[in-house]
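Since the structure comes first, as C-alpha cells, the remarks are kept for the end.
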Amino acid sequence: MCGIVGYVGFREAAPILLGGLRRLEYRGYDSAGIATLHEGKLYLLKAQGRVDDLLARLNGRRLPGHIGIAHTRWATHGEPSDINAHPHTDMRGIVALIHNGIIENYASLRTELERKGYAFRSQTDTEVLAHLIEAFWIGCDFETAVRRALSLVVGAYGLAIISPREPDTLIIARKGSPLILGIGEGEYIVASDASAIVEHTRQVIYLEDGEMAIVRPTGYVVKSIENVEKTKEICTIEWSLEQIERGGFEHFMLKEIFEQPTSLENTLRGRIHPGRPEVQLGGLLPVRDRLLQARRIILVGCGTSWHAGLVGEYLIESLARIPVEVEYASEFRYRDPILYPDDVVIAISQSGETADTLAAVREARARGALVLGICNVVGSSIARETEAGVYLHAGPEIGVASTKAFTSQVAVLAMLALMLARGRTLTDAEILVYVEELYQIPEKIRRILDIRPAIQELAQRFKDVTNFLYLGRGPNFPVALEGALKLKEISYIHAEGYPAAEMKHGPIALIDENMPVVFIALHDGTYEKILSNIQEVRARRGQVIAITDALDPTLEELASAILQIPGTLDPFTPLLAVVPLQLLAYEIAVLRGCDVDKPRNLAKSVTVE
Ligand code: AGP
C-alpha cells in the first residue's frame, strides 16, 4: 500500500512530511516524493528508491512552506521510477496530489483527456486525477473541482491535494483507502495511518469512505463527496507506534491473514464484475492470442508459490482443459527441460526476486517459450524479465510466511483459468456462475476469520506435539502441503502434507495417539473417501482435526476437532480451506514463543541459490 502524509500549519512542512514518510516506510514501497507550497510557488521532488534517496536528491536544499504533501509509493500501475513517483501534477502545475489506491477506469479517463490534448508524463493511474481536477477547475472553487473529478472515478482512493492557487488549503478525500486527520494546535497532519501522526498529536478524526475534508491552518470542514457537511467525532489514539504499524495486530503475519478479504478484493478489482461473464487481465492482453493457443502451460515457483501453482493446475485443467505441469523452479532450471514454441511458462512469485524462479524464467525464455509472470511486487526482476503478466495487487507482504500472497495467487490463477475457458470449455452462463462465486470469496474469508477463538483453543491442545500430518484431495492436496509448510516454517514442528489417498502407501505407519492429522474434508466429490481415510486414522488412535464445510454425525463422532468453513464451488475451495490452516500455524507458533514474522533460518525473499 502507498503511504500518504500531508501537513498544513504554522511550522515548516518539509521536516514533518519527511519524518512522516520515515514512519510509513514499514508499509513497503519503491519510491517517494514530496511537494510544498511557499509564496504561491510549488516545490516538488520525487525519486525512485528509498526516503534516503529522496533526501540525497534534496542534497541539503530547503523545501520552503507551511503546507505540503509527501508519499511512499507501492507501485500498482507503472513501474517504479522517478516519473511514476508521486506527487503528480497537471500540465500547468496548479494541482499536486498524492494517491493511495487503484483507479479502475483510469485508462478510459486518460484516453478522453489525451483526446482533448492533455499530455501525460507518467504511466500511473493517479496522474489522471491531477489533469481532471485542473480540467474541472473553471468557474468554481478548488473543492468543487475536486468533487467533480472524483465523481468520474471508479475505484479506490485516499488522496491529499494542494494547489498554488489556494496556498493555505489542503484537500483530502477517501474511498476505500484509509485516511486519518490529526488535529494539532493550529496545525493539521493527515496520513494513511496513525504511525505518521502520533508524534505530533493523538487527537484524530477518521475519514469514512465517500468523505473529504478541506483543511486550513484556521480549521477544517468535513463533507461528503456530495457536498453535505459532516460532524466528526475526535478520537484519541491509544496505540503505541509498534501497535500502529501492525494495524493493532501482534504480528505482521496475523495482520496479513486478516487482510485477505481486502487484499483479495484488490486482486479481483477491475478484473471481474458481478453480472458480467468475463475476466479482464489487462497485463495479458499483449500475449492473449498466444496464450489462448497454448498447447501446455508450465507453472514454476518455489515454496508457497509452488503450492499455488499446484492449485492452478487443478483450476486450469478442470475449467479450461489445457494440460498443465507444475515444476519446482529449482528443478526446472537444471533438468534441461523440453519446451515447445507453443508452450507457455508462467512464473509465480510474490517477491518477484526468488533466484531459482528468475533462473527458470531465463531458462524458459532461452528455449523459446512464451514466459509470463504472476508477481506481487511491481517492477520486480521476474515481472520485468517476463513478456507479460498479472500483478497480485495484494499490497506489501511483510511476514516471512506467505499468506495473503497465496490466496491472491490462487485467485489470479482462477481468473486465468476462466479467461482461458471462456467460449471454449465454458459457456458465458457457466462463466458467470464462477465469477459471481469468486466475487463472494472475500466475504466468506471474513466469516472464517471469526472462528479464530476456536483455532486458538486447538493450538493450546496441539502446541507441544512434534509431528503433524496434513491430508487433502484434489485442489486441496496443495492446501495440505501449504498448511504443513506454514506450521513447520514458523513453529518449527515437523509437518508433512500428502494426498489423503497416499496415507496407506507409507505415512499411515506414523499414525498413533501422538500424531495429529489435519484433514481437509469438504463435501466435494471426495468427501466419502476422506471419511474412510479418517476412519483409518482413528483406528490407529490418531487424533483428527477436520476442516469441513458441513457437519455430519459421522464426522462429528470421528474427529477430535472440527473447524467449519463456508462452502463454495469445488475449484475455489483452496481459497477458503487454507485460512484456518494459516491461523492454526500462527496460533501454535505464538504459543511456542517463536519469532512469527522472522522465523529462524528464513528470508522473505530467497534471492540466492
Ligand atoms: C512461504 O511461506 C515461504 N516464505 C517461501 O516458501 C516462499 O513462498 C518462497 O520462498 C517463494 O517466494 P516468492 O513467492 O517470493 O518467489
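Take the alpha carbon gyration tensor of segment 34-161, find the square roots of its eigenvalues, order them as a ≥ b ≥ c, and report rounded if a/c is under 1.5; if not, report prolate when a/b exceeds b/c, else oblate. Taking the square roots of the gyration eigenvalues as a ≥ b ≥ c, segment 34-161 is oblate.
Oblate is the label for segment 306-351, because a/c, from the alpha-carbon gyration tensor with a ≥ b ≥ c as root eigenvalues, is 1.5 or above and a/b does not exceed b/c. Taking packing as the residue-averaged number of other Cβ atoms within 10 angstrom, the listed peptides 68-80, 506-518 run from highest to lowest as 68-80, 506-518. With 0.36 nm allotted per residue and the present C-alpha distance subtracted, the HIS505-TRP239 stretch has 90.5 nm of extension available. Hull volume per residue, based on the alpha-carbon atoms of segment 436-564 and their convex hull, is 112 Å³.
In terms of the mean number of neighbouring beta-carbon atoms within 10 Å, the peptides 338-349, 117-128, 475-486 order highest first as 475-486, 338-349, 117-128. For GLN543, the residues 5 or more places off, or on other chains, whose built amide H falls under 5 Å of its own are MET515, VAL517. Here is the P(r) of the chain: all C-alpha pair distances, binned every 10 Å from 0, give 3, 16, 25, 24, 18, 10, 3, 1, 0 in whole percents.
Put simply, when 290-299, 399-408, 374-383 are sorted by average Cβ atoms within 10 angstrom per residue, most first, you get 399-408, 374-383, 290-299. Across segment 125-192, how large is the tail of the calculated P(r) beyond 18 Å, expressed as a percent of all Cα pairs? The proportion of pairs with Cα distances above 18 Å equals 40 percent. The residues packed around ILE102, meaning those with a beta-carbon under 13 Å from its beta-carbon, carry a net charge of +1 if Lys and Arg are +1 and Asp and Glu are -1.
For segment 1-50, the square roots a ≥ b ≥ c of the C-alpha gyration tensor eigenvalues yield an a/c of 1.5 or more together with a/b not exceeding b/c, which makes the shape oblate. Listed from fewest to most Cβ neighbours within 10 Å, the set CYS2, CYS594 follows the order CYS594, CYS2.
Net charge of the neighbourhood of GLU166, taken over other residues with C-beta under 10 Å away and scored Lys/Arg +1, Asp/Glu -1, is -1. For the pair segment 541-606 / segment 116-167, the C-alpha centres are spaced 46 Å from each other. Of the beta bridges in the chain, as assigned by DSSP with both residues counted there, near 60 percent are antiparallel. Of all lysines in the structure, those lying under 25 Å Cα to Cα from LYS232, and not within fewer than 8 positions of it along the same chain, are LYS175, LYS223. The charge dipole of segment 188-305, taken about its Cα centre with unit charges on the Cβ atoms of Lys, Arg (+1), Asp and Glu (-1) only, comes to about 800 debye. Taking the fewest neighbouring Cβ atoms within 10 Å as the starting point, the ordered list for ASP524, ASP90 is ASP524, ASP90.
For GLN564, the residues whose modelled amide H falls within less than 5 Å of its own, excluding neighbours fewer than 5 places apart on the same chain, are THR548.
Net charge in the neighbourhood of ALA405 (other residues with Cβ under 12 Å of its Cβ; Lys, Arg +1, Asp, Glu -1) is -2. Placing R0 at 22 angstrom, the Cβ-Cβ distance between SER151 and LYS116 gives a FRET efficiency of 0.80 after rounding to 0.05.
Pairs spanning more than 30 Å between alpha-carbon atoms, out of LYS444/LYS504; LYS463/LYS504; LYS463/LYS604; LYS255/LYS463: LYS444/LYS504.
Where a number appears in this text, it was derived from the coordinates with a stated rule and is not lab data. Computed from a predicted structure; not experimentally measured. So basically every Cβ, Gly included, is an ideal-geometry build from the backbone, and we count neighbours across all protein chains shown.
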